Each structure stands twice: as structure tokens, then as C-alpha cells.
There are 2 protein chains.
Amino acid sequence: MIEMVPVGGVIGILGGGQLGRMLSVAASRLGLRCHIYDPSPNPPAGQVADIVTTAAWDDAAALRAFAESVDVITYEFENIPTAALDILEALRPVRPGRQALAVSQDRLTEKDFLRDLGLVTAPYRDVPDEAALQAALSEIGAPAILKTRRLGYDGKGQARIMAPEQGAEAFADMAGQDAILEGFVEFSCEISVIAARGVSGEVACYDPGENIHEDGILRRTTLPASVTPMQQMDAVLLAGKILNALEYVGVMGVELFVTKRGLVVNEIAPRVHNSGHWTQAGCAVDQFEQHIRAVAGWPLGNGARHADVVMENLIGADMARVPELAREADVQLHLYGKGEARAGRKMGHVNRIMRG
Amino acid sequence: MIEMVPVGGVIGILGGGQLGRMLSVAASRLGLRCHIYDPSPNPPAGQVADIVTTAAWDDAAALRAFAESVDVITYEFENIPTAALDILEALRPVRPGRQALAVSQDRLTEKDFLRDLGLVTAPYRDVPDEAALQAALSEIGAPAILKTRRLGYDGKGQARIMAPEQGAEAFADMAGQDAILEGFVEFSCEISVIAARGVSGEVACYDPGENIHEDGILRRTTLPASVTPMQQMDAVLLAGKILNALEYVGVMGVELFVTKRGLVVNEIAPRVHNSGHWTQAGCAVDQFEQHIRAVAGWPLGNGARHADVVMENLIGADMARVPELAREADVQLHLYGKGEARAGRKMGHVNRIMRG
């Protein structure tokens, strides 16, 4: 017997950025309210949420009051401190659960988990020290990429190593943070599958989108992706396998490389994902509502795609294009209500519906 | 030179019901914030708005503070007291403007305005007293319908008169409120056109939807309506004529009867309209975003319809159907976050996307 958060109930969301904002809007469509917890004042999600708590991740009293005011807790980013989770979990369900967070908070754990599931990842080695890095470089070869095990995103905390001689400097740049070395993967394209699993165990996947990155940041996602029906089905089955193994509840973003020898898992994110924003224009139920449905114990919605869509991120100075984009037919604007359009900052996105 | 409310700007919305709620969500997509003004505490729109003021319509200080905190003011219902408008208008643009409100706040003014534009309405007569009612009944004939000139909605403030003998009682029921008598119109169906006009004068119309009412409340709107291409074009031209004549800014709902002798205007509403909710599922830019774009001085968006949709209101006890509706494919749920599901209360709606 699965308990649905009733209409009028409250979803607690850790993190009040653009993902929290769009989750909050989606929850409102289901008659649910949102309570945002974020250490920064005036988070973008606060503009469309019922309640906002501004408090630090180590403020135990604030965390407890937050948990007690909500029916279920979810998050918009995976790097929630463990101590905060301990407090929250004791009071309310946190979805997706601890295992998904443990796996995705640490690149090494994630890669080990995927390998143990029988999935293919880039070659990788744990590099606790410089000697291990040199050994890893001789096994995997250069070029390779040194990544912190924790807390990296949008290309931050990463260093490309083009030749073994650059190892020492790259290792020093990690400043003592645990790191892994990843080999490069030759791929024809990168796709991502946005998958959802409900409390009852049902799994639903959106069509894979094809991603283009620039400067380590997602630039564009195109639907449909240029993959064969077989590759598409492989991608969907693989995503289902990951969600199932984690007894996952919620939406997950699974980034995959399409290679000559099959699909290689690049990364998983236990949350709604930038490469799933296209669902707002292409599906009856978008990834944000799907996530809210899942964590609230509601049945999953219909993610069948009814349109071809190109999602493009608006980053920093792209905001100058808004007046022109607002004029374009078949463009859905989504702006995040952020103050300053700093370089590299995700300010919004557009979903362009492609006809004929 | 038209001034656009900039990203980060604030839209003031008078009224915090479901229309204000969906307007607020739409504004958030454009990076705009909303400030809701409503006399009732905890209005549904407050759950997704940046700021909420709970104050009476005659609280001059609260109205002034509200106006000063926003860039432009709009509303979700047309019966804003005139004195409140005087205060607000002195400080910020109110859109749609005063003429649209004057016309739609009074059934007699509305009918006169439409007639003067050369449009056809139901036969009507001003009935300042009972003698006038009897004279009107003998001219228009029975059955007819006696309506208060002001403040009626969803079938309230109306009395059907089946025979002249019922005139006295019906008139007494109006309890001294100004009233008009309207004749019945024989029609094959009722349609409504949701039309928008921007600050620059551009006009855009959504496809007409076909409405079914039950107990005086809209039950269902179906797209496409069962009208000929010529009737559809007539409807669109007629709506454009109304908006243009009023130098209207915003979205308007125009209800029309389809009759053997052409289109008859039933009613206009200077706001987003229940019969336009289908646009959330059928168009790239829905009526709520279109309204925000218009009042914020942004270019109008693309309202071309890309799907067949049936919108159905969830009224009172219909809320018991939510778990089942949440399971249905191709159903978009929109719940309003209202507490008590009283009989006759609009609690939400579903947009059902019709395939094949």
C-alpha cells in the first residue's frame, strides 16, 4: 500500500536554484505546495514556492523544522552533506534515497557501482597519490582526465592531462582532494536518458536526447537523438537497470556515450537534469512533474514525446538575446529569475519546437 | 517606443485565485516575479507568487504600497472596485485598461458597446423598474433571463423568466440591484475565442474552443470546435475588432453563440478565461503567458494549436477522481491548491490530449 502525498501536501526541496524552481512550478500543477531549503537568501525557487527557509546545511534546528513541515523531501543537487541527510532522514522520507546519493556523490563509487552492474564506463583508476596517478596514466594512457571524486560539476574540478609529464602539475592542482583518472572515450555522440521510477517500482523513460557541450557546460539537447532504434532501446534498458538496482524513487539523468562498441555510461545524476528540460515542450508530463509524482508516491505520468524539440541553454551574456527570442515563433522561453548574468551562469533555456 | 518590463521585474496581480496562480507560474517562465493582492488570506496564487499582500479593496495604504512595489498591474477578475483602480492607476499602468473594465463590469454597458461596434448580441433591455421589465418582456418575449447589471458570474445573479407572470417575483429577487433582461438565443453551440492584444497593437487569437456548461458553470471545452472555417474566421475577426476598439492590452475571453444567422456575442471577460485553459496543453505559449507578455509589454507569443485537446473542469466532488486521473495517459492535471472541495467550486481542470 503506497501512501500518496495528498493534494495540499508539502514537498520539501533541498536547493532553490532553477531545478528547484521548475520542480516547484510542477508541484503546483498537482495542487502540492513546496518548501525550499537553501543557504543562500532569495533563491530563484523561492519566487514560486510557498515557503522558503534560508539556513546553512549544518543548522540542525532549521533542518529539523524544515523536515517537520513537509511530507517528503527531495533535492535539486546531489551534494547534500551527509550530516544534514542524517537529520532529515530520521524525520521524513528523502527521495531519491541514500544509496543513490552515496553512488552519485563520489565518482569512484559511481564507476564501481556501474561496473558491478555489468555496464561499461570510461576506463578509470583511483588515484590516492601521485604515484598512483603515474601508474594509472601508464595503464590508461594519455590524454586522460583527472577529476575530483566529489563536488565537481559543469567541468569544474577537472584537469585534462595530454601527456604523462603533466601528471604532477595536475595532481598538485587537486590540492589534496581525492581524485580519479578517467580515460577518454571515442564516441560518435553523447546522449542522455531521463528516467523515472515510482514508489511502486514502475519505471518510465523519456526518449534519449543528444547533447552538445561547450566549455564543459551543456549547450544544446536535440530530440530525437541521431541513434538507431536499437541504440535507443539499449539506452532505455540500461537506465532502467540502474534505477531498479538502486530501488530509486524519482527522476534520474543518465549521460551516455554512443560508441562503436556500444553505450558507455558517462555519468548519472540523481535528480532532474538539464538535458531533460526539453520535456517541458515535448511531453504531456515533463521531467519536473514526473519527479514530483515519483517522490510524492503518485503514479508516473505519460512521458511519450509528441514533438521534436531542440533545447538550448541561455548562459551568461545569452540573456541579451531574450527580446529577440521572445519574438520567435515556436520558442518556449524559460528564465530562472537570477539577478546577475555572470559568464558561465545558467540563466535560462529555450525549447524550440521543430516542425515539418 | 514600448517599454518592456525587464527580466526580474514584478507583475502586480489583483486577485489570487486559480487564474492568478496560473498567471504567476507563467510569469516565472519569463523570469518575472509576481505580487498578489487579495483580501482573503492564503490565496491559491500565493503558493507560487513571490509576494502576497492580504488587504481589503478599500485599504488605500496597502493599495499604494502594492502599486509602488510592482512594474505593471493586471487582474484575474473584472470586478475591481473603482476607487481601488483610481489609486492604483495613479501610480502604475493597469492593464487591461479602464475602458475594458468599465465595459465588462456592467452588462448593459457591455451590450451597448458591442451593439455600437456593429456586433450582434442577444436582444436586451435595461430594466430600471418593474414596469420596464414588463415592457421588455412584451417586446423580447418569454422565456427570457433577468440578470444583475453587475457582479454576476457562473450563473449567479440570474433568474429565468418562463412567462410574463413570473416577472414580478424575479424582479423582487434582484433586491433593488440594477438589472437587464436578455432574450434567449437559439444556437447550435457556444464557442469562445481567447484573443490577445499587445501594447504595440498587435493582435493574436487562439483557435476557438467549444464550450459545454452544466448548472451555469463551464464543464468542458473541446478543440477543435465544430465550426466551419468561415465561422472560425468570423469569430477571430470579431474578437480582434473588440480588442482593437478598446485599445485593449492583455488576453480577453469572448464567448459566442453559433446561430443560423451568424455569431452572437454572449459575453466578454477582460482576463484569462476558463475556456482558454486548453492552451496549456495545445500551444507553445499558453493564455497565461500570453497575458503576461501583453501586460509586460513583451511581444506576443505563438498561439498556434499543435494538438486536439479537451479541457474538463474539476468541480467540487470531482476531486475524488484525482488518483484515477493521475494514472490516465495524455491527461495533464492542473489543481489549484484550494482547501475545501465545496460543491460548485472550481478545484482544478484536466487537459486531455486527443490523439488520432
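The values are calculated or read from the model by the stated rules, or taken from the named source; none is laboratory data. Source: prediction; values computed, not measured. Cβ coordinates were reconstructed from backbone atoms using ideal geometry, including for glycine residues, and neighbour counts include every protein chain displayed. Heavy atoms of the whole protein, side chains included, go into the accessibility calculation; ligands, DNA and RNA do not. Shrake-Rupley method; radii C 1.70, N 1.55, O 1.52, S 1.80 Å.
Points worth noting:
- Radius of gyration, Dmax [the stretch A:113-227; alpha carbons; angstrom]: 16.8, 52
- Cα-derived Rg to Rh of the stretch A:123-183, Kirkwood definition: 0.91
- Here A:Thr109 and B:Thr109 are evaluated by their C-beta separation; at R0 = 60 Å the FRET efficiency comes out at 0.30.
- Set of the stretch B:25-69 residues, backbone N closer than 14 Å to the point 7 Å along the Cα-Cβ line of B:Asp86: B:58-61
- Applying the Karplus relation 6.51 cos²θ - 1.76 cosθ + 1.60 with θ = phi - 60° to the stretch B:324-334 yields 3J(HN,Hα) values of 5, 5, 5, 8, 6, 6, 6, 10, 9, 8, 9 Hz, where x marks Gly and Pro.
- Taking each residue as 0.36 nm, the span from B:Arg261 to B:Asn79 lengthens on full extension beyond its C-alpha to C-alpha distance by 62.3 nm.
- Compactness of the stretch A:246-341, taken as the C-alpha radius of gyration over 2.2 N^0.38 Å, stands at 1.28.
- Debye intensity ratio I(q)/I(0), log10, the stretch B:10-94, q values 0.16, 0.21 Å⁻¹ (C-alpha model): -0.50, -0.88
- Shown for B:Gly8: label points 7 Å from Cα along the beta-carbon vector, and their distances to the equivalent points in the other copies, 3.9 nm in ascending order.
- Other protein chain Cβ atoms within 10 Å, averaged over every residue that makes up A:333-346: 3
- Computed over the alpha-carbon pairs of the stretch B:98-149, the distance histogram in 10 Å steps reads 23, 50, 24, 2 percent, short to long.
- Plainly put, the tip 7 Å out from Cα toward Cβ on A:Ala304 is 2.3 nm from that tip on each other copy, the closest given first.
- Backbone HN-Hα couplings from phi across the stretch A:72-79 [Karplus 6.51/-1.76/1.60, Hz, Gly and Pro as x]: 8, 10, 9, 8, 9, 8, 8, 9
- Residues whose placed amide H lies under 5 Å from that of B:Met354, excluding near-sequence neighbours: B:Asp308, B:Val309, B:Val310
- Spin-label model, A:Asn42/B:Leu117: points 7 Å from Cα along the beta carbon direction are separated by 4.1 nm.
- Principal axis box of chain A, alpha-carbon based, largest edge first, Å: 59, 55, 44
- Taking chymotrypsin sites (Phe, Trp or Tyr not before Pro) in DSSP loop conformation with at most 15 other Cβ atoms inside 10 Å as exposed sites, chain A has its longest uninterrupted site-free stretch at A:185-356.
- Between the amide H of B:Ile13 and those of B:His35, B:Ile36, B:Tyr37, B:Thr74, distances stay under 5 Å, these residues lying 5 or more places away or on another chain, with hydrogens modeled in the peptide plane.
- Between B:Glu247 and B:Ala65, the FRET efficiency from the beta-carbon distance, with R0 = 30 Å, is close to 0.55.
- Probe 1.4 Å, all protein chains present, accessible-area order of A:Met162, A:Met4, A:Met22, largest first: A:Met162, A:Met4, A:Met22
- Phi to ³J(HN,Hα) by Karplus 6.51 cos²θ - 1.76 cosθ + 1.60 over the stretch A:142-147, Hz, x for Gly, Pro: 10, x, 8, 9, 8, 10
- Among B:Gly262, B:Gly97, B:Gly20, residue whose mean-square fluctuation peaks in a GNM of chain B (springs only between Cα atoms under 10 Å): B:Gly262
- Tail beyond 47 Å, pair distance distribution of the protein assembly as shown (Cα, percent): 24 percent
- One decimal place: the segment B:Arg219-B:Ala175 gains 12.9 nm when fully extended, by the rule 0.36 nm per residue minus the C-alpha distance.
- Heavy atoms of A:Val331: accessible area, 1.4 Å probe, square angstrom to 10: 0 Å²
- Amide H contacts under 5 Å for B:Arg305, placed H, 5+ residues apart: B:Asp207
- Looking at the stretch A:173-214, the GluC sites (Glu not before Pro) that sit in a DSSP loop and have at most 14 other Cβ atoms within 10 Å of their own Cβ are A:Glu186, A:Glu202.
- Distance between the modelled labels on B:Arg98 and B:Ala168, one decimal in nanometres: 4.4 nm (7 Å Cα→Cβ projection).
- Cα centroid separation, the stretch A:32-88 to the stretch B:135-209 (Å): 50 Å
- Calculated translational diffusion coefficient of the stretch B:1-147 (37 °C, 0.692 mPa s; Stokes-Einstein with Kirkwood radius over alpha-carbon pairs) equals 189 µm²/s.
- Scattering profile of the stretch A:189-354 at q = 0.10, 0.20 Å⁻¹ [log10 I(q)/I(0), Debye over alpha-carbon scatterers]: -0.36, -1.29
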